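The structure appears right after this line, and notes come after that.
Nothing in this text is a laboratory measurement; each read-out follows from the coordinates by a stated rule. What you see is a predicted model, and the numbers here were worked out from it, not measured in a lab. Please note: Cβ atoms are built from the backbone with ideal geometry, for glycine as well, and neighbour counts cover all protein chains shown.
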Amino acid sequence: MSDAVLVLNAGSSSIKFELFEVVGDRAETRLDGQMEGIGASPHLIARDARRQVLADHRWPGPDVADHVAALVRIMEGIGPAIEGRRIIAVGHRVVHGGPDLAAPMLVDELAMGKLRALMPLAPLHQPHNIAGIEAASRRFPGVPQIACFDTAFHRAHDWEADTFALPPEFYARGIRRYGFHGLSYEYISHLLAEEDPALAAGRVVVAHLGNGSSLCGIRNGRSIDSTMGFTALDGVPMGTRCGQIDPGVLLHLMQAEGMDAADLTGLLYGNAGLKGMSGISQDVRDLEKSTDPRAAQALSHFAWRVRREIGALAAAMGGIDALVFTAGIGENARTLRARICEGLGFLGIAICPDRNAANDPEIALPGGPTRVLVRATDEESMIARHVLTLLHCSKNT
Ligand code: ADP
């Protein structure tokens, strides 16, 4: 019987999962997948490490009504593939750790209370993350549940990067620039430290560009600043989210156009960004194929904003030694990468068109002063590593 760690990433209507086998002190992936459409049109898909489909099932909505039911179905679906493995812990991606939770944490009743108290800071994500933990506690009673926070990597920001220009009592009440995608940044940072310790000790801007997008300036492995702030709305435009917006626009929409909080939430989270600007799609592939000028404009604005933030983060760190592209857009969208880097010669950034077109791991012009890298991110394996570290520490105390 071998030991395994299950990693869960629970969203509003989906649970993504990945199973890692514990081999010595390492976690090796064995299978992954997701249950989508919980409560509506549930669909489970799971694949092994060679991408062979292990399970592909659909149910009527009421048969998988909530996260608890979804986890039961997931475990049934992958059951045969995990025979002979004992789940020793479940690691959870939790979007918000608030001002104080800056490291992975074993979740007990007390900790659950802390996570619930943070719900107002991330009302669209945190309740679902908590539902995932509750579901896993019921499905695996007695098995340690470990929360890993997207905010944790950024908690060591200097105060200047952490605050808004508001009276200090707002900061004390938790109105801060938390930053997100921390597990992705931490993964990339560890990867660079393994590949090239000297580079990892320098100044690196990581552009995590996916459906949700942000950038982070990392110096010597530490997050110096990030484009996301109090919520995952801030920073660059995203698939459906607006990114940075003048707060005066919101006041205007409320006062002059009668929009309320629900209207603004719908607009800023769901109908802005690439989708809202183009009126076509949130997916870069659709926009690149489209001949509609609004699609081209949306991509152009996206590239502009990302380029601006690279400059801003380089300024925050006193320079830049490497730019790393990651996540769906960063890893794949060659044309956008080239457009983002246009005009960044003053930071020593120059892209080799052939390397970029070939999606090489290194796309800078040879001999250029600033490295430009393309790397796949892997938040789940970062969580699995955190889980093993925490289990190991608790065994030794
Ligand atoms: P999430 O934030 O949901 O994890 P991903 O990191 O998977 O998102 O990124 C998804 C996005 O990546 C897609 O919506 C699409 O815009 C973009 N993308 C994926 N593959 C390609 C590709 N080959 N070319 C251009 N864009 C791509």
Task: Computed [θ] at 222 nm, deg cm²/dmol, the chain (DSSP H ≥ 4; -39,500 (n - 2.57); rounded to nearest 500) - done: -11000 deg cm²/dmol
Open item on the list: Which three numbers, in whole Å and largest first, are the semi-axes of the equivalent ellipsoid of the range 267-397 derived from its Cα gyration tensor as √(5λ)?
Closed with: 30, 23, 15
Task: Least to most buried among 216, 393 (fewest other Cβ within 10 Å first) - done: 393, 216
Task: Note, ³J(HN,Hα) from phi for the range 42-56, Karplus 6.51, -1.76, 1.60, rounded to Hz, x at Gly and Pro - done: x, 9, 9, 9, 9, 10, 7, 5, 9, 6, 7, 6, 9, 8, 8
Open item on the list: Can you give me the long-range amide H partners of residue 363? Hydrogens built in the peptide plane at 1.01 Å from N, cutoff under 5 Å, separation of 5 or more residues or another chain.
Closed with: 372, 373, 374
TODO: For the chain, take the alpha-carbon Rg, divide it by the Kirkwood Rh, and send me Rg/Rh.
DONE: 0.96
Open item on the list: Using the basic label-point model (7 angstrom from Cα toward the beta carbon), what is the residue 23 to residue 286 distance in nanometres?
Closed with: 3.9
TODO: Report, to two decimal places, the Cα Rg of the range 1-61 normalised by 2.2 N^0.38 Å (N = number of residues).
DONE: 1.24
Open item on the list: With +1 on the Cβ of every Lys and Arg and -1 on the Cβ of every Asp and Glu, and nothing else charged, how large is the dipole of the chain about its Cα centre, in debye rounded to the nearest 20?
Closed with: 200
Open item on the list: Using amide H atoms built in the peptide plane, which far-off residues or other-chain residues are under 5 Å from residue 91 H to H?
Closed with: 6, 7, 8, 146
Task: Charge dipole (the range 161-250, unit charges on Cβ, about Cα centre) - positive-most of 190, 175, 213 - done: 175
- [ ] State, to one decimal in nm², a quarter of the convex hull surface area for the C-alpha atoms of the range 216-289, i.e. the direction-averaged projected area.
- [x] 6.3
Task: Vicinal HN-Hα couplings computed from phi for the range 371-377 (Karplus, 6.51 cos²θ - 1.76 cosθ + 1.60; Hz; Gly/Pro x) - done: 6, 10, 10, 10, 9, 6, 8
TODO: Provide the per-residue ³J(HN,Hα) series for the range 208-224, in order, calculated from phi with Karplus coefficients 6.51, -1.76, 1.60 and θ = phi - 60°, each as a whole number of Hz, with x at glycine and proline positions.
DONE: 8, 10, x, 4, x, 10, 7, 10, 9, x, 10, 10, 6, x, 10, 5, 8
Open item on the list: Restricting to Cα pairs below 8 Å that are 6+ residues apart, what does the relative contact order work out to for the range 200-338? Please round to a whole percent.
Closed with: 31
- [ ] Starting from the coordinates of the alpha-carbon atoms of the range 316-366, obtain the Kirkwood hydrodynamic radius over all distinct pairs and give the value in Å to one decimal.
- [x] 11.4
TODO: Please list the non-local residues whose amide H lies under 5 Å from the amide H of residue 213, H modeled 1.01 Å from N, same-chain partners needing a gap of 5 or more.
DONE: 239
Task: Mean Kyte hydropathy of 1.0 or more with a Cα span along the axis of at least 18 Å, helices from DSSP in the chain - done: 67-82
- [ ] Looking at the chain, send over the antiparallel percent of its DSSP beta bridges, to the nearest 5.
- [x] 65
Task: Directionally averaged shadow of the range 60-133, computed from the convex hull of its alpha-carbon atoms, nm² - done: 6.4
